[in-house]
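The values are calculated or read from the model by the stated rules, or taken from the named source; none is laboratory data. Nothing here was measured: the structure is a model prediction, and the numbers come from that model. Glycine also receives a Cβ, built like all others from the backbone with ideal geometry; neighbour counts cover every protein chain displayed.
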Ligand code: SR1
Ligand code: MG
């Protein structure tokens with residue numbers, strides 16, 4: 001069989017040909033309900049339920065859904081997504097959906113149905129808050145990033161894993177172009193809210209800003225530190241009160257640890273900065289700022305804990321020598337590494353904020369603010385923060401300092 005795009009009319013009969021999936025759904029395919037719910041920029045996603053159970057079936061399209069067939073995109077991204085789901089399940093099994101079936105030819109991945117979960121971005125915009133969220137995200141980040149790094153993984157295995165993801169170049173290229181380059185010049189697909197023209201013009205000629213963004217791109221291109229999710233925004237997180245799952249790792253590759261951390265922080269910070277537009281008259285909800293800080297602090301503590309817990313004589317990664325038998329050296333190495341990750345995370349977060357407002361792929365946090373003037377106000381504040389995260393990184397020794405800056409911005413300072 002060759003690749004055939006599925007739709008709501010054909011997906012049930014296709015899934016019925018996969019015995020394990022048919023069994024999980026139960027009954028006959030004509031009784032199954034199918035709903036296409038893909039709200040991302042690239043793929044189609046079907047939620048299928050039968051008498052016995054349900055599944056989520058995600059199929060890659062041979063082009064970028066957001067733009068159309070004029071922008072072809074390889075189906076191989078579904079292969080890398082499957083690879084990453086399996087790798088992440090090894091290190092953070094509770095934080096990813098169970099992988100039930102994969103078909104490389106159809107570029108189709110079938111996963112457990114997260115019936116009660118919803119997308120974090122939409123939930124945050126509606127004012128929902130999740131007390132366990134920051135801890136779960138910290139756990140996912142620390143576990144997947146630490147255990148796939150040179151600190152924990154023997155060097156031969158690590159190099160083999162880097163090689164396994166090397167072909168995901170088309171997805172990396174999207175990030176390279178859309179995050180680090182295009183927002184900083186008048187790229188054809190850029191768009192922005194009316195009223196921000198002065199910022200757009202200023203950013204295009206801001207040498208320190210563009211230099212900093214290119215510096216982050218250099219890190220993204222040439223720092224295979226750990227297996228990254230690669231697109232870890234709040235639309236890639238599904239939540240309930242009690243659970244958090246990370247989905248959609250089709251941009252996975254070995255890259256700088258601070259990229260995943262920074263992208264997640266940036267999206268939480270944007271959710272805060274959009275609040276005055278989403279809920280006019282209500283003061284900013286400090287809980288979300290606290291969650292961003294809890295996320296970073298939780299990540300740092302857990303990452304350090306994993307490092308300290310490595311067995312002294314086991315065959316760990318090459319960098320484990322930085323602590324073997326010498327607690328002072330180990331603690332210095334942990335502190336130095338976390339400081340470097342924080343610096344990277346700030347820079348990547350700055351790029352993410354700016355590209356979500358001035359580039360091609362915007363986020364619902366700002367896009368759903370109907371009052372255009374208010375949207376521009378919120379976005380201008382966010383752009384100012386993004387600029388500072390890139391150019392004045394030293395002003396932010398910790399997440400509390402970023403929270404203070406966001407509160408100052410939102411008070412109109
Ligand atoms: C053309 S794809 C645009 C964006 O959508 C994805 O979710 C990634 O964030 C990508 O940068
Ligand atoms: Mg996605």
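Screening segment 63-177 for strands (runs of 3 or more DSSP E) wholly inside it with 3 or more residues that are farther than 15 Å from residue 42 by Cβ returns the ranges 99-103, 108-112. Only residues that are more than 23 Å from residue 78 (Cα to Cα), away from ligand 1 (no atom under 16 Å from the Cβ) and not in a loop (DSSP other than H, G, I, E, B) were counted across segment 188-238, and they come to 18.
Only one residue in 178, 141 is more than 16 Å from ligand 1 (Cβ to nearest atom) and either within 30 Å of residue 211 (Cα to Cα) or not assigned by TED's automatic domain parsing to the domain that holds residue 225 (or both). Which one? That would be 141, the only listed residue that is more than 16 Å from ligand 1 (Cβ to nearest atom) and either within 30 Å of residue 211 (Cα to Cα) or not assigned by TED's automatic domain parsing to the domain that holds residue 225 (or both). Selection within segment 157-171: residues that are within 16 Å of ligand 1 (Cβ to nearest atom) and surrounded by 19 or more Cβ atoms within 10 Å (Cβ to Cβ). The member of this set that is farthest from the chain's Cα centre (by Cα) is 168. Exactly one residue among 8, 69, 52 is surrounded by 12 or more Cβ atoms within 10 Å (Cβ to Cβ) and either free of Cβ contacts under 8 Å to residues at least 40 places away in the same chain or within 16 Å of ligand 2 (Cβ to nearest atom) (or both), and that residue is 8.
The lone criterion from (1) more than 16 Å from ligand 1 (Cβ to nearest atom); (2) assigned to a helix (DSSP H, G or I); (3) under 30 Å from residue 285 (Cα atoms) left unmet by residue 245 is number (2).
What about residue 56, is it within 19 Å of the chain's Cα centre (by Cα), modelled with pLDDT of 95 or more and either assigned to a helix (DSSP H, G or I) or within 29 Å of residue 29 (Cβ to Cβ) (or both)? Here the answer is no, as residue 56 does not meet what is asked. For segment 272-287, the candidate set comprises residues that are modelled with pLDDT of 80 or more and not in a helix (DSSP H, G or I); within that set, the residue that is nearest to residue 129 (Cα to Cα) is 285.
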